[in-house]
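A.B. asks: Quick one: this structure, given as structure tokens, is what I'll be asking you about.
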Amino acid sequence: MTGEALNREAETMETLNAAFPDYARDIKLNLQNVVKQEELTPQQAWGTAVATAIAARSERVTSAIAAEAARHLSPEALNAAKAAAAVMGMNNIYYRFQHLSGNERYAQIPARLRMQVIRSHGSDPVDFELWCAAVSAVNGCGSCIAAHEKVLLGKGIPEEKIAAAIRIASVIHAAAVVMDAEAALAGNAE
């Protein structure tokens with residue numbers, strides 16, 4: 001990557017931070033610091049940021065986060081974070097429906113959804129589980145949150161590390177809400 005490309009990426013994150021309105025100052029400050037948590041490795045933090053930015057569905061936030069994350073993640077880890085967002089985007093809908101319907105019969109029906117990426121993502125398995133849990137939090141799927149948390153706890157990952165990933169998810173989601181709201185409000189002003 002050239003120095004110019006790195007500067008452009010840094011400017012993208014700087015531009016995003018500069019765009020926060022005064023009412024969202026807390027979100028701006030949290031966004032600047034949330035990926036620096038001591039409980040997480042840089043790969044865990046930036047992978048969580050990418051996966052949850054995709055889940056939050058804000059083009060502006062996703063673009064800025066992904067550009068910055070590319071400086072901290074291997075291509076394999078970046079791809080795995082995107083894969084976590086993709087597969088959980090599908091699974092969270094399916095399993096949230098199962099749970100929210102209250103009909104136990106749905107749990108007995110095979111999902112018949114292809115999910116091979118969960119085993120073949122090419123990144124650290126614990127990191128991938130962390131990213132899946134964080135995306136599930138953004139998407140509000142209690143069943144998936146519980147399933148991924150159980151796997152993480154079973155692998156000896158402490159609650160503090162899981163909470164740190166969810167903290168990233170909450171800040172990224174809030175940033176997406178603010179940026180999309182500001183874009184919508186600016187469009188209405190014209």
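A.B. asks: Being in a helix (DSSP H, G or I) and either among the charged types (D, E, K, R) or modelled with pLDDT of 95 or more (or both) is the requirement here; does T48 meet it? So that I can check it myself, show each step before the final result.
C.D. replies: Working: in a helix (DSSP H, G or I): yes; either among the charged types (D, E, K, R) or modelled with pLDDT of 95 or more (or both): yes.
Yes: the conditions hold for T48.
A.B. asks: A further question on this structure: Of all residues in segment 152-167, which are surrounded by 12 or more Cβ atoms within 10 Å (Cβ to Cβ), touching a residue at least 24 places away in the same chain (Cβ under 8 Å) and over 18 Å from the mean Cα position of the chain (by Cα)?
C.D. replies: I157
A.B. asks: Output the residue which, of all residues in segment 54-84 that are within 17 Å of A174 (Cβ to Cβ) and within 12 Å of the chain's Cα centre (by Cα), is surrounded by the most Cβ atoms within 10 Å (Cβ to Cβ).
C.D. replies: I65
A.B. asks: Taking the residues in segment 152-190 that are among the basic types (K, R) and part of a helix (DSSP H, G or I) as candidates, determine which candidate is nearest to E39 (Cα to Cα). Walk me through it before giving the result.
C.D. replies: From segment 152-190, those among the basic types (K, R) are 155, 161, 167; that's our starting set.
Keeping just the survivors that are part of a helix (DSSP H, G or I) gives 161, 167.
Numbers: K161: 5, R167: 11 Å.
It comes out as K161.
Here is a yes/no grid of residues against (1) touching a residue at least 24 places away in the same chain (Cβ under 8 Å); (2) surrounded by 13 or more Cβ atoms within 10 Å (Cβ to Cβ); (3) part of a loop (DSSP other than H, G, I, E, B):
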position	(1), (2), (3)
Y95	yes, yes, no
R114	no, no, yes
I118	yes, yes, no
G122	yes, yes, yes
W131	yes, yes, no
A134	yes, yes, no
A137	yes, yes, no
I145	no, yes, no
K150	no, no, no
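A.B. asks: I would also like to ask the following. Residues A67, A24, A53: which one is touching a residue at least 12 places away in the same chain (Cβ under 8 Å) and in contact with an Asp or Glu (Cβ under 6 Å, 6 or more places away or on another chain)? Before you say what the answer is, go through the steps one by one.
C.D. replies: On the way: A24 fails: in contact with an Asp or Glu (Cβ under 6 Å, 6 or more places away or on another chain); A53 fails: in contact with an Asp or Glu (Cβ under 6 Å, 6 or more places away or on another chain).
The unique qualifying residue is A67.
A.B. asks: Let me ask something additional. Please work out which one of (1) in contact with a Gly (Cβ under 7 Å, 6 or more places away or on another chain); (2) surrounded by fewer than 14 Cβ atoms within 10 Å (Cβ to Cβ) is the condition A186 fails and give its number.
C.D. replies: (1) is the only condition that A186 fails.
The values are calculated or read from the model by the stated rules, or taken from the named source; none is laboratory data. For clarity, every value in this text was computed on a predicted model and none was experimentally measured. Methodologically, a virtual Cβ is constructed for each residue, glycine included, from the backbone with ideal geometry; neighbour enumeration extends over all protein chains shown.
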